[in-house]
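A.B. asks: Mind looking over this structure? Questions follow.
The values are calculated or read from the model by the stated rules, or taken from the named source; none is laboratory data. Here the structure is a predicted model, which means the values were calculated and not measured. Cβ atoms come from the backbone with ideal geometry, glycine included; neighbour counts cover every protein chain shown. SASA here: full protein model, heavy atoms, side chains in, ligands and nucleic acids out. Shrake-Rupley method; radii C 1.70, N 1.55, O 1.52, S 1.80 Å.
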Amino acid sequence: MPQKRLSVVVTRRLPEAVETRLSELFNVTLRESDTPMSRAELAEAMAECDVLVPTITDPIDAGLIGQAGERLKLIANYGAGVDHIDVETARRRGILVSNTPGVMTDDTADMVMGLMLAVTRRMQEGLAVMQAGTWEGWAPNAFLGTRLGGKRLGILGMGRIGQAVAKRAQAFGMQIHYHNRRRLRPETEDAFEATYWESLDQMVARMDVISVNCPHTPSTFHLLNARRLKLMKPSAVLVNTSRGEVIDESALTRMLKAGELAGAGLDVYQHGIKGNPELVNMPNVVMLPHMGSATIEGRIEMGEKVLLNVKTFADGHRPPDQVVPSMH
């Protein structure tokens, strides 16, 4: 007897190659429009399917998991971060959760360097002048930024992405410093010629650029709070491509307005898609719409990981990227 195909619901439009392969392997319901599902739509999907494939825009909380049908046995997240899913409640209900780790490491690290350059070399201001048609020609003192070479980079979170940032920053001639829950092995530290700071306060006070590359957990919420941001040098730049909740955005905005920080490059915001409106028109702030992992290659690789997780589960095995509550 042929095995009954799993019923899979995908909550957002994915790259065509991924949708096609899912359709070949499973009984798939694809999303027609590229908008997030409403809570009611999510509840309906979770009541009927075997596998849900959500994204970061779908808050899968205890209430929704409580309404899930008996058939739902796997939430195969399209993305590495799972702080939008109540993993503990899912586990208690016997629902597995998987994610797609390691796929967007290089893409996100590239974006960190892009934001670093954009802020320190005042690209936003140059772009604005060209778009307004007000450029009056080259001048020796116009748009003077600072070079990255020789500057101290403090990496907050030295996991896969943090290390990929360190590797790129090394090539730019930056000095690598880091703060992490655990110190790296000596050979890894040596490879980056990196300096470890057990005290985040001490590191923050000495850096020219801070790059936030840690996940959002209860212990990292507002890790860069008002007090800690005040420790930064007025000439320093802050870059965040991880999670907006790690920084007290209101305090950061106040400091940037007061000239107490040189600039910021942000790809994520504390309140989802609502970055602080006061930041939007600041010439020394570069704001992007969560583009850190947005490459065609990365999105397809994420889809391939989802496919592998669902297919492995369908074959009666543990998904290779299963998330357990203690991991996040």
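A.B. asks: Loop-only trypsin sites (Lys or Arg not before Pro) in segment 242-318, please: DSSP not H, G, I, E or B, and at most 12 other Cβ atoms within 10 Å.
C.D. replies: Here the trypsin sites (Lys or Arg not before Pro) that fit, given the DSSP loop and packing criteria, are LYS274.
A.B. asks: Okay, next question. Just in segment 94-203: which chymotrypsin sites (Phe, Trp or Tyr not before Pro) are loop by DSSP and have at most 10 other Cβ atoms within 10 Å?
C.D. replies: TRP138
A.B. asks: Continuing with this model, one more query. Summarise the long-distance tail of P(r) for segment 128-196 by giving the % of C-alpha pairs beyond 18 Å. Walk me through the numbers on the way to the answer.
C.D. replies: Values: 1142 of 2346 pairs.
Of all Cα-Cα pairs in segment 128-196, 49 percent lie more than 18 Å apart.
A.B. asks: With only Lys, Arg, Asp and Glu charged, each at its Cβ (+1 for the first two, -1 for the last two), find how big the charge dipole of the chain is about the Cα centre; round to the nearest 20 debye. Intermediate values should be presented prior to the final figure.
C.D. replies: Values: 37 positive and 38 negative charges, 150 e Å.
In total the dipole reaches around 720 debye.
A.B. asks: For the chain, modelled as a GNM with alpha-carbon contacts under 10 angstrom, which of ASN276, ASN180, ASN99 fluctuates the most?
C.D. replies: Per the Cα network of the chain with a 10 Å cutoff, ASN276 tops the list.
A.B. asks: Placing +1 at every Lys and Arg Cβ and -1 at every Asp and Glu Cβ, with all other atoms neutral, what dipole size does segment 35-150 have around its Cα centre, in debye to the nearest 20?
C.D. replies: I would put it at about 300 debye.
A.B. asks: Moving on. Among the GluC sites (Glu not before Pro) in segment 131-208, which ones are in a DSSP loop with at most 13 other Cβ atoms within 10 Å of the Cβ? Mind listing them?
C.D. replies: Filter output for segment 131-208: GLU136, GLU193, GLU198.
A.B. asks: Then there is this: Whenever you get a sec, compute what percent of the accessible area on segment 222-298 sits on carbon and sulfur atoms (1.4 Å probe).
C.D. replies: In segment 222-298, the share of accessible area belonging to carbon and sulfur is 60 percent.
A.B. asks: Using only Cα atoms, find the angle between the long axis of helix 296-314 and the longest principal axis of the chain, and express it within 0 to 90 degrees, rounded to the nearest 10.
C.D. replies: Once rounded, the angle reads 30 degrees.
A.B. asks: If the reach is capped at under 16 angstrom between alpha carbons, list the lysines near LYS233, excluding any in the same chain fewer than eight residues apart.
C.D. replies: Partners within reach: LYS151, LYS257.
A.B. asks: Related question: Check the straight Cα-Cα distances from LYS311 and name the lysines below 24 Å, setting aside those fewer than 8 residues away within the same chain.
C.D. replies: Candidates past the 8-residue exclusion: LYS4, LYS73.
A.B. asks: For the chain, calculate the relative contact order in percent as a whole number, restricting contacts to Cα pairs under 8 Å that are 6 or more residues apart.
C.D. replies: Working: 609 pairs, mean separation 58.3, N = 328.
Relative contact order for the chain comes out at 18 percent.
A.B. asks: Show that you can apply the helix-only estimate: for the chain, add -39,500 (n - 2.57) for every DSSP H stretch of four or more residues, divide by all residues, and state [θ] at 222 nm to the nearest 500.
C.D. replies: My calculation for the chain gives -10500 deg cm²/dmol from helical runs alone.
A.B. asks: Between (1) 77, 51, 33; (2) 94, 46, 35; (3) 59, 57, 42, which entry matches Cα extents along the principal axes in Å as derived from the coordinates of this structure?
C.D. replies: Matching the structure shown: (1).
A.B. asks: What percentage of the solvent-accessible surface of segment 126-202, computed with a 1.4 Å probe over protein heavy atoms, is contributed by carbon and sulfur atoms?
C.D. replies: Reported share for carbon and sulfur atoms: 50 percent.
A.B. asks: Which ³J(HN,Hα) values in Hz, rounded to whole numbers, follow from the phi angles of segment 108-116 under the Karplus curve 6.51 cos²θ - 1.76 cosθ + 1.60, where θ = phi - 60° and Gly and Pro get x?
C.D. replies: With the stated coefficients, segment 108-116 comes to 5, 5, 4, 5, 4, 5, x, 5, 4 Hz.
A.B. asks: Could you do me a favour and compute the accessible area per residue for the chain, 1.4 Å probe, result in Å²?
C.D. replies: Averaged over the residues of the chain, the accessible area is 50 Å².
A.B. asks: Step through the residues of segment 170-179 one at a time and calculate ³J(HN,Hα) from phi using the Karplus curve (6.51 cos²θ - 1.76 cosθ + 1.60, θ = phi - 60°), rounding each to whole Hz and writing x for Gly and Pro.
C.D. replies: Along segment 170-179, the couplings run 4, 5, 8, x, 7, 8, 9, 10, 8, 10 Hz.
A.B. asks: Taking H placed 1.01 Å from N in the peptide plane, check which residues at least 5 places from GLN175 or on another chain put their amide H under 5 Å from its amide H.
C.D. replies: GLY150, LYS151, ARG152, LEU153
A.B. asks: If you don't mind, there's one more thing I want to ask. Tell me the volume per residue, in Å³, of the convex hull enclosing the alpha carbons of segment 77-202.
C.D. replies: It is 175 Å³ per residue.
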